[in-house]
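Can you read through this structure? Questions will come right after.
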Amino acid sequence: MYSIEQRDEQLVGTTAAIRYHCYFDRAAEHLLRVRMEVDTNGTEDVLRLVLPSWAPGSYKIRDFVAHVGNLGVRDERGRQLDVEWGAKNVVCVRPNGARTLTVEYVFYANERTVRTMHITRWRAFLFPVNCLFYVEGRMHEIHHVLLYYDRDKWQTLTTALSPVCTTNEAVVLGALNYDILADSPTEIGNHQVRRFDAWGARHEVALIAPLPLDADWLAEQCKTIVLTEGAVFGGVPYDRYVFFVYAGANLSGGLEHARCSVNMCDVAALTDPVKSKSLLALLCHEYFHVWNVKRIRPRSYGPFDYTREVYSPMLWLAEGFTSYYDDLFAYRAGFYTQEEYLDLLAREHLGKLLHVPGRHAMSVRQSSYLAWVKLYAQSPDGQNRFPSYYLKGGVLALLLDLAIIAETEGQCRLDDVVRLLWHHYNQRPSEGVSEEEVLSAIEQVSSARVREQFWQWLDSTDDPDIAAAFAPFGIEWSVRPAERTSAIEPLPRFVGVQVKSDAGRLWVASVEEGSPASRAGIATDDEIIAVGGVRVSTVDEFERAVRTMNQPVTVTASCDGKLYEAVLDVPVSHQYFLRFRPVLSDSEHRRAQRWLERSVVG
């Protein structure tokens, strides 16, 4: 039966018939050496070893086997066994009566993202779903990982796996099954670690950075996040949890796991109080996945088929709800003021969605199905054809929360829906939830009318009525031209184009359909040479020229090596606002207070 739950105490002193010996002696070459041992009963005709093709939570086929090399198989006597590839990621072995198979290979780990492994002379990030084969039909067994590395050189190990024992040669870690193993990253090096207890569980904060940063501050914020989010559910569903935080140049993103999260950010997110808020919201997002998606999950998201795409129309739940809650929890935790939170919703959620032409091309349910080719492999034209289930799903979750509060006069809210779904998980942890069960939970805490409205939003390409959703709270939604921030600062202009600079040349990265740039005939991959006759070669030069020159402005560009001119009529950019009316009725005040309360009311 599918399970992702594990407590450290369950693995202490265990034995395993499937063992992975991992050697880091070639770390400077970005290589991991793996010796996989599989005990057999001596009667199997064929063993099929399978390497996953994707990492749960990151919906794109990545073919990790591309980084595997020098694979060979021996029996316990050291005899080489024949290997036949059954598929690009499937190794078929005939044991011929062998009692233990030894599979040896190297894995090249040099891609620094939250979903891929990166090993250097200084440290190692081990992500089992990337590099460790499973034995088909034996995923339910205990698996051990033995780590061999110089413990004088790398003095710190942080892992979501559970400790089994430590020998003179290796540190032995374990998982109750392959799904838990696959979902449990490990970092080895000399990083900072801070610990705290909350909700009866142990928490670790691992800060991996090229220079000393304030790990104590980070741990304090993580504890606030744990206390804030755990309050919704009255506790946490694990005995130990790890926040992995990687800080460095050009790092971003996060990936959730049942007992940890992997988060990446720029160093400035840990030194600049303003920029730190985006990191804190990211931590809120990935931590909420402890409940939503790892446990409250679409039915097809566990048990996983690691070899192919797994489809669901419900990423609006898995990522959309989480995208609404990340900033909401950041607000509840005190990272944002009320004014900052409302401005963030207006600008980065509602306003941003209005600049995605693809929201009229397909519904958020349809976009969930196409995540594999439309989000993680998005083309420069993607925003014109595809609405992100993160962005639109988060907006719909916001509107659903408002609708439930308004319908029940503050007696219930989206938290109550999530708690019902959490109860469902605890009753049937091996099963996910269906759309019907989510809709039923919405109806149970509010009404059939709210359920029907939400379903219409999910399945429609029409824009929801934002102003009407906020009206019961005494909040006005407005869209109006930007105003000057100072007498000398030019007005911001809306061009509808993203540009990028490369080696002193300026290129069009994407164009918003229906925008001034689109109407002028400017297209992706064109080179921008001049604006108003003035040479531009950087993003700042382009934006400054558009802002300061008289309108309309002539752009000189190149396509396929031939020059052309485009006339841009660039209007003043719009700004988006959520503001309380000067005077609120008693009912409007109560609803607004319920929505924006800091503490969670059960």
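No lab work stands behind these numbers, since they all come straight from the coordinates. Just so we're clear, the structure is a prediction, and the values are computed from it rather than from any experiment. With ideal geometry, Cβ positions are generated from the backbone for all residues, glycine too; neighbour counts draw on all protein chains shown.
Pairs of alpha-carbon atoms within less than 8 angstrom and 6+ residues apart define the contacts here; what relative contact order does the range 497-572 have, in percent?
Taking the mean separation of contacting Cα pairs over the length of the range 497-572, I get 27 percent.
From the Cα gyration tensor of the range 497-572, with a ≥ b ≥ c the square roots of its eigenvalues, which class applies: rounded if a/c is under 1.5, or else prolate if a/b is larger than b/c, or else oblate?
rounded
Dipole of the chain, Cα-centred, from +1 at each Lys and Arg C-beta and -1 at each Asp and Glu C-beta, to the nearest 20 debye?
I would put it at about 560 debye.
Can I ask one more? Taking the Cα centre of each part, how many Å lie between the range 520-535 and the range 416-474?
The range 520-535 and the range 416-474 have Cα centres spaced 46 Å from each other.
Please arrange Met1, Met314, Met264, Met549 by how many other C-beta atoms lie within 10 Å of their C-beta, fewest to most.
Ordered from fewest to most neighbouring Cβ atoms within 10 Å, Met1, Met314, Met264, Met549 come out as Met1, Met549, Met264, Met314.
From the backbone phi of the range 228-242, what are the Karplus-calculated ³J(HN,Hα) couplings (6.51 cos²θ - 1.76 cosθ + 1.60, θ = phi - 60°) in whole Hz, Gly and Pro given as x?
Coupling constants for the range 228-242: 5, 6, x, 4, 5, 10, x, x, 10, x, 9, 9, 8, 9, 10 Hz.
Another one. I'd like to compare 100-112, 73-85: which one has the highest average count of other Cβ atoms within 10 Å, and what's the full order after that?
Descending packing order for the listed peptides: 100-112, 73-85.
Okay, moving on. Quick check on the exposure proxy: order Cys559, Cys22 from fewest to most C-beta atoms within 10 angstrom.
So the ranking, lowest neighbour count to highest, is Cys559, Cys22.
Ok, one more. What area, in nm² and to one decimal, does the C-alpha convex hull of the chain cast on average over all directions?
Approximately 30.0 nm², given one-decimal rounding.
Taking only C-alpha pairs under 8 Å that are 6+ residues apart, what is the relative contact order of the chain in percent?
11 percent
Quick check for me: using +1 on Lys/Arg Cβ and -1 on Asp/Glu Cβ, what's the dipole size of the range 1-115 about its Cα centre, in debye to the nearest 20?
It works out to roughly 300 debye.
Pairwise over distinct Cα atoms, reciprocal of the mean inverse distance: report the Kirkwood radius of the range 192-283 in Å, one decimal place.
After inverting the pairwise mean of 1/r, the radius is 13.3 Å.
Also, quick follow-up: In terms of Cα to Cα distance under 20 Å, which lysines are near enough to Lys277, apart from those fewer than 8 places away along the same chain?
Filter leaves Lys223, Lys352.
Can you pull out the trypsin sites (Lys or Arg not before Pro) in the range 515-602 that DSSP calls coil and that have at most 12 other Cβ atoms within 10 Å?
Arg598
Mind sorting Tyr324, Tyr311 by how few other Cβ atoms lie within 10 Å of their own Cβ, fewest first?
Tyr311, Tyr324
For the chain, with the dipole built from +1 on Lys and Arg beta-carbon atoms and -1 on Asp and Glu ones, taken about the Cα centre, which of Leu328, Leu578, Asn190 lies farthest toward the positive end?
Asn190
A follow-up question, please. Hey, if you put +1 on the Cβ of every Lys and Arg and -1 on every Asp and Glu Cβ in the chain, which of Pro313, Thr408, Leu439 ends up farthest toward the positive end of that dipole?
Farthest along the dipole direction, towards plus: Pro313.
Grab the DSSP H runs of the chain that are 4 residues or longer, score each as -39,500 (n - 2.57), total them, divide by all residues and round the 222 nm result to the nearest 500 deg cm²/dmol.
Estimated from H runs of four or more residues: -7500 deg cm²/dmol.
For Lys562, give me every one of the lysines with a C-alpha distance below 28 angstrom, ignoring sequence neighbours fewer than eight places off in its own chain.
Lys500
On a straight-distance basis, which aspartates and glutamates could pair with Lys392 in a cross-link, Cα separation under 16 angstrom, same-chain partners fewer than 8 positions away excluded?
In chain and number order, the partners are Glu319, Asp326, Asp327, Glu348, Asp401, Asp459, Asp462, Asp463, Asp465.
Something else now. What is the distance in Å between the Cα centres of the range 273-344 and the range 131-210?
24 Å
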